[in-house]
Amino acid sequence: MTSQDVIVVGLGAMGSAVAFHLASRGLRVLGVEQYSPAHERGSSHGRSRIIRLAYYESPEYVPLLLRAWELWEELEERSARKLLSRTGALMVGSSESELFRGSLRSATEHDLPHEVLDAQEIRRRFPSLDPPPDTLALYEERAGFIVPEEGVKAHLQLAGSLGAELRFEERLLSWEERDGGVLVETSRGSYGASHLVLAPGPWAPQLLGELGGSLYVERQVMVWFSASCDGLPVIMWEADDGRIFYCIPEGPERIKAALHHGGKRTTPETLDRRVHEEDVEAIKGYLRKYAPALAGALVESSVCMYTNSPDLNFVVGPHPRHPRIILACGFSGHGYKFSGLIGEVTADLVIAGRTGHPIKLFSPARLQLQA
Ligand SMILES: Cc1cc2nc3c(=O)[nH]c(=O)nc-3n(C[C@H](O)[C@H](O)[C@H](O)COP(=O)(O)OP(=O)(O)OC[C@H]3O[C@@H](n4cnc5c(N)ncnc54)[C@H](O)[C@@H]3O)c2cc1C
């Protein structure tokens, strides 16, 4: 048995960031990942993840997002990888939609630079969009997308260069608290440490036992169309039926589109990884209605998973019954943009037992209450 300061399990978006932040503060880190670096079987593949500031979900995320942006910019510079594309973002819906109203609320409460556009102005600025007359949109310039695979590789690369030991194709089988520390069993051996960070993405429900019972995994399909999208921002749109779809202009002739939530409940083992005709049509139908010029030929498709908490806020903090185990899971389909920030917060929790970042929303204790 070898002993480390911290063992990090799962080296996806969150675990890779946690390993980097812990290693950069001088801790001895062992990272364990069941698959290869930046693989496609979890939640952090598919070439683009939206980052924005005027957060419709809740204004409480805005201070975290401001720090998350800084961390992405630092990481891009330190790793010399292209991570960020600054396209701006458009949050579209009726004047009553949660997406538009929530975005405006966050922008107003936090004094974020933004513009409000009506249907005519949306059409004038972005001729490929066809909004109904009562549509409003919040436009913000400080938004765009991150390449998730590159973000994971950047965090792993820097964590490794700072001395973290990163083990791939090795699976955590069990963990327990023992003698004022933690002991873990993996498919290759056993290790001891003072703390354990669990960042298992969609494997959280099974790995957390009773506490994971209220988390659920959702199948999410991404499709790519060939369409002229030069100069388009990232777009999130709340349709008349209340569903949210989004488009990410990954290149001048290539747009990614998907629905946010509403997928079938699944598990990583039973997930249907094939994309079917009806999956594509479900997404394309919204484009035909609201942005017909973007509904081009299908060029690629992929399946991903969301791991949802009951209130769709993250689950980050010490395990309610095992304070040496820090949880970073339940990212509910909107976590990627925060991964560097979650790395920083988790490092604070391991080292000092507390963080200056406002993370009240993320308390793992609420899962216990709901379980
Ligand atoms: C289609 C789609 C679109 C999204 N769009 C956005 C977006 O635009 N903006 C945004 O901010 N977020 C977005 N998200 C959400 C975001 O991508 C996720 O919240 C984030 O990537 C989750 O990271 P993670 O580290 O928790 O999970 P993962 O990256 O999946 O990492 C978990 C890792 O743990 C490993 N693991 C699990 N169990 C074990 C074990 N027992 N032993 C060893 N290793 C183990 C897994 O193999 C995996 O590598 C999207 C997600 C999807 C699926």
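Dipole of the range 5-83 computed with +1 at Lys/Arg Cβ and -1 at Asp/Glu Cβ about the Cα centre; of Ala80, Pro63, Val29, farthest Cα towards the positive end is Ala80. Remark on the range 1-68: Rg and Dmax equal 15.2, 48 Å (Cα only).
For the chain, what is the per residue volume of the convex hull drawn over the alpha-carbon atoms, in cubic angstrom?
Details: hull volume 46.7 nm³, N = 371.
Here the figure is 126 Å³ per residue.
With R₀ fixed at 51 Å, the C-beta to C-beta distance from Glu210 to Arg124 puts the FRET efficiency at about 0.40. For labels at Leu312 and Ala80 in the simple 7 Å Cα→Cβ model, what's the distance in nm? Between Leu312 and Ala80, the simple spin-label model gives 4.1 nm. Between Glu281 and Glu109, take the C-beta separation as r, use R0 = 41 Å, and let me know the FRET efficiency to the nearest 0.05. Computed FRET efficiency for Glu281 and Glu109: 0.60.
In the chain, helices alone account for a calculated mean residue ellipticity at 222 nm of -8500 deg cm²/dmol, with every DSSP H run of four or more residues adding -39,500 (n - 2.57). Scattering from the C-alpha atoms of the range 145-284 alone, worked out with Debye: what is log10 I(q)/I(0) at q = 0.12, 0.13 1/Å? Log10 I(q)/I(0), no solvent term: -0.75, -0.85. Entry for the range 79-182 at q = 0.12, 0.22 Å⁻¹: log10 I(q)/I(0) = -0.66, -1.15, Debye formula applied to identical alpha-carbon scatterers, no solvent contribution. Of the residues Glu165, Glu140, Glu98, ranked by 1.4 Å probe accessible area with the largest first, the sequence reads Glu98, Glu165, Glu140. In this label model, Arg67 and Val116 are separated by 3.1 nm, measuring between points 7 Å along each Cα→Cβ vector.
Can you list the GluC sites (Glu not before Pro) in the range 258-338 that are in a DSSP coil and have 13 or fewer other beta carbons within 10 angstrom? Each step should come with its number before you reach the end.
On the way: sites: Glu269, Glu277, Glu278, Glu281, Glu300; in loops: Glu269.
Passing both the DSSP loop test and the Cβ count: Glu269.
The values are calculated or read from the model by the stated rules, or taken from the named source; none is laboratory data. This one's a predicted model, so the numbers in the text were calculated from it and none came from an experiment. Cβ: placed from backbone, ideal geometry, glycine included. Neighbour counts: every protein chain shown. All accessible areas refer to the heavy atoms of the entire protein, side chains included, with ligands and DNA or RNA removed. Shrake-Rupley method; radii C 1.70, N 1.55, O 1.52, S 1.80 Å.
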